[in-house]
Structures are given as structure tokens and as C-alpha cells.
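One structure is given here, and the rest of the page talks about it.
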Amino acid sequence: MVVTRNVADRPGSGEIASNGSQKPENSGAASSPSGLRPTSEANLSDAEKAVLEDLKDRDREVRLHEQKHLSAAGPLAKGGPTYEYVIGPDGKPYAIGGKVRIDTSPVAGDPEATEARANQIQRAATAPGDPSGPDLSVARDAAQLRSRASREYRLNAPDASHASTEPSYSLRLWG
């Protein structure tokens, strides 16, 4: 029997998720639902052991995926990863999805810093070799943020077109 259990919901934007789930969960351990007692692996059927191995593999994949996001996000990360869990046939929770919340806001009044932030957001979103749909969505949003910042910078930069277009000459006088 596999039971899904929400541990905690935390809203936020700019979430990099590994499974497309819109319901984040805390990384704390989930307790077993009533009626489901922890079971030793020795007491599991072959089918339950196969499910358990799949859950353990998925748990490792999810945690590694989210750690890559967290490492690449650096100071833009808003805390650690959060996970979505299922309770395995052994009564223990296994992560089947997760996300890392990051700051995706522009840097007010500083388009160059906003562009740098957008680059870091995009690196964080695509850090795992296998970005999910939500990861790719965050990467696209970062590209749009970078484009807006670049446009703002060009609009506010000193305009070189107003400089003199006449050639300048240096004269050296001998005498």
C-alpha cells in the first residue's frame, strides 16, 4: 500500500520543481498514517520489495536533483529544498518530487544586476541534467527577465548616437 501525505504547504514564486507538482512539502519526515505500521523489509512480498527499491531510487534522484538546483541558486535560494513524499510499503516516507524556492525578482534600479540575477536563475533552473517542465518554465522566465533588463539598460545607457560623427584630427605644429 502506498499512501501520499502532505507534510506542509509553503507558497512562493520562482519554484524549481523536479516533478511538476504544485504542492510543495517540507523536508521533515512524514509519520505513518494510522493503520500503516513500519514493516521490516524481510516481511515484504517480492512485489512490495520491488516497489520499495523503485521508491528508494526515486528518492535518491529527487534529492540529488534538488541539491543541484540549490547549489546553483546560491544566495538566491529561499531556504532548502522541500519534498513531496509517499509512504512506502515499509511505512517510511520517500521523496517523489521536490522544489527549491528562489528569488526571481528584478534588482530595483539596476538592470545590470538584474541581468546577472537572471543568468543565475537560469543556471539554477537548468542545473540538473534533466530539467523538469517547471524547471524549463523558470528558465524561460529568467530569459525574459534578462531581456527586459538588457532593454532597460540600453534605454538608460548614454546614447552613443549623439556623439559627434565628424572625424577628429590631431595637428602637430613644427616650428
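Each reported figure results from applying straightforward, stated rules to the coordinates on display, with no laboratory input. Here the structure is a predicted model, which is why all the values come from computation and not from measurement. Cβ placement follows ideal geometry from the backbone for every residue including glycine, while neighbour counts extend to all protein chains displayed.
Measuring from label point to label point, each 7 Å out along Cα→Cβ, what is the TYR153 to ARG63 span in nm?
4.0 nm
Report the label-to-label distance for SER45 and ASP110 in nanometres (one decimal), using points 7 Å from each Cα along the Cα→Cβ vector.
My value for the distance between the label points is 6.1 nm.
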